[in-house]
């Protein structure tokens, strides 16, 4: 049956609806129902020990085979039965059979609230071999079926409780259930999971709200600490990534830098202007027949005659300007400029 479990267990929408209704009703009853409401004698009340039986019954949905599900029911009922026997022996009380056993089983079932109780009982009844459903297994299974039916039909008349008290308990439980559902829904959408921190947000600079700004250490819950740790790790990760991105060289600077066309054009224009001035000066000097006896400064302007003393007032002024060059340097510069222009053409 384990291979056919998905095709045979809780496949009817009606079964799913009944499971949900039973689970919701049990959830409401858990908030106010007490053992004395089911007429369980005080000497038989042992809720701490009943927790073992509740744990066994809650395991029923963890198995797929009908035999294993029935084994969970038997383990739960055996624990209850043993506890009742021990209590009766210590109090010298003779057990009344199902009259003492069934109320305790109902109470344990309500406290355990096993998932899909109706579907599990129906699954065992349909697919467990009938020859195995005898003696002890059949007795315990029948008692749990009776407990389920009692819970479905339970009202104030079924309990040792005033009808008004029962209705008030049910209404209060419904209200608490709605509040819990709203808080759960808000916790899923709210970035701060703790509901205690909703009123602890202060507005800074009138622009945005920052949580935990007015919170005290004792007001933080475990969920708040986990949330803060998660936010801290996220901030550190983003900060580290940003630092690496800033320090990383630009991807466009992978190759050698090329000469900037604008700077080259400026140099060519400057050399071209100087060459033109030198040619004009050479023509002027050639016409006067005195080029061999003159110096040329770096600006292309003819200087003093070569025969003039280097200590003359004009020469000292030109040296102070840093613009005097010798004739050989001027001729070499002129030749380079002419050759450079020729290569450009």
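See the values below:
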item: Residue within segment 23-38 that is under 26 Å from residue 1 (Cβ atoms) and surrounded by fewer than 18 Cβ atoms within 10 Å (Cβ to Cβ) present; result: yes
item: Residues being touching a residue at least 24 places away in the same chain (Cβ under 8 Å) and either crowded, with 16+ Cβ neighbours inside 10 Å or in contact with a strand residue (DSSP E or B) (Cβ under 7 Å, 6 or more places away or on another chain) (or both) - total across segment 62-79; result: 9
item: Residue in segment 138-159 that is in a loop (DSSP other than H, G, I, E, B), in the same structural domain as residue 31 (by TED's automatic domain parsing) and either touching a helix residue (DSSP H, G or I) at 6+ places or on another chain (Cβ under 6 Å) or at pLDDT below 80 (or both) present; result: yes
item: Any hit, segment 157-171, residues being surrounded by 11 or more Cβ atoms within 10 Å (Cβ to Cβ), within 40 Å of the chain's Cα centre (by Cα) and more than 21 Å from residue 40 (Cβ to Cβ); result: yes
item: Residue match in segment 32-48 (condition: assigned by TED's automatic domain parsing to the domain that holds residue 150 and over 24 Å from residue 84 (Cα atoms)); result: no
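The values are calculated or read from the model by the stated rules, or taken from the named source; none is laboratory data. All values reported here derive from a predicted model rather than from experimental measurement. Quick reminder, even Gly has a Cβ in these numbers, built from the backbone with ideal geometry, and neighbours come from all protein chains shown.
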